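Laboratory data are not the source of any read-out in this text; all were calculated from the coordinates shown. Everything numeric in this text was worked out from a predicted model, so none of it was measured. All Cβ positions, glycine included, derive from the backbone under ideal geometry; neighbour counts span all protein chains shown.
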Amino acid sequence: MPEPSDAAPDANEPSLEEQIAAYQREFQDLDPQVEQVVSALQRLNRRMNVAYGRQTATLGLSNAEWEVLKALVVSGAPYRLGPGELAKRLGLTPAAMTHRIDRMASEGLVTRERDENNRVRVIVELTREGREKWLETMRLSSVFEEDLLQDLSSEDRRHLGEVLTRLLRRVEDAQPDAEGRLNDLG
């Protein structure tokens, strides 16, 4: 019987062990250790996205809007970027970014104005309300993330962070440009 942490929350999804056994049955060259790591990361990512989506929804935000707020905050004060730069950072098409900015501007989370130095260029800026929504989301996320990692010691957390960062760098080195990834998906 699978451990509670490994049990599938949805009867339609097999446990990791069942999934790996099925893969090994169909593809004998499979390394079960590699598959366990990759499959666990994929499931964790999917479930965390659902959890974050529930949190942002309680604040009247979508995950997509959260990503824009985060990109603006990470850019640093005065929390301003052009729509093209935002689209590139988020791996979106310009049209998708424009739609997102339109929605967020109507909600008072960002403003969109012409650059005074270059009237062709548009600047998207985080509003006070947008920053407050970002802070509220960070507070909720911090509680969720601390709970998620509660069974790991400080050393375990440090080591896990280092290992995951190495994996992330390997993927980023193999797929260095977001635009190329978008083309691959289309």
Sites ARG166 and VAL74 - FRET efficiency at Förster radius 22 Å, r taken between beta-carbons, to 0.05: 0.55
Interchain or long-range residues, amide H under 5 Å from ARG121's placed H: ASP115
Simple spin-label estimate for PHE27 and ARG54 in nanometres, 7 Å along Cα-Cβ: 3.1
Neighbour cut-off at most 13 other Cβ (10 Å), DSSP loop, GluC sites (Glu not before Pro), segment 80-125: GLU116
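Based solely on its DSSP helices, what 222 nm [θ] is calculated for the chain when runs of n ≥ 4 H residues each add -39,500 (n - 2.57) and the sum is averaged over all residues, nearest 500 deg cm²/dmol?
-21500 deg cm²/dmol
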Using alpha-carbon coordinates, inclination of helix 94-106 to the longest axis of the chain, degrees: 70
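What's the Kirkwood radius of the chain in Å, using all Cα pairs?
It works out to 19.5 Å.
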Positive-end extreme of charge dipole, the chain - chosen from GLY60, GLN19, ILE123 (charges on Cβ): ILE123
Angle in degrees between helix 154-174 and the longest Cα principal axis of the chain, rounded to the nearest 10: 70
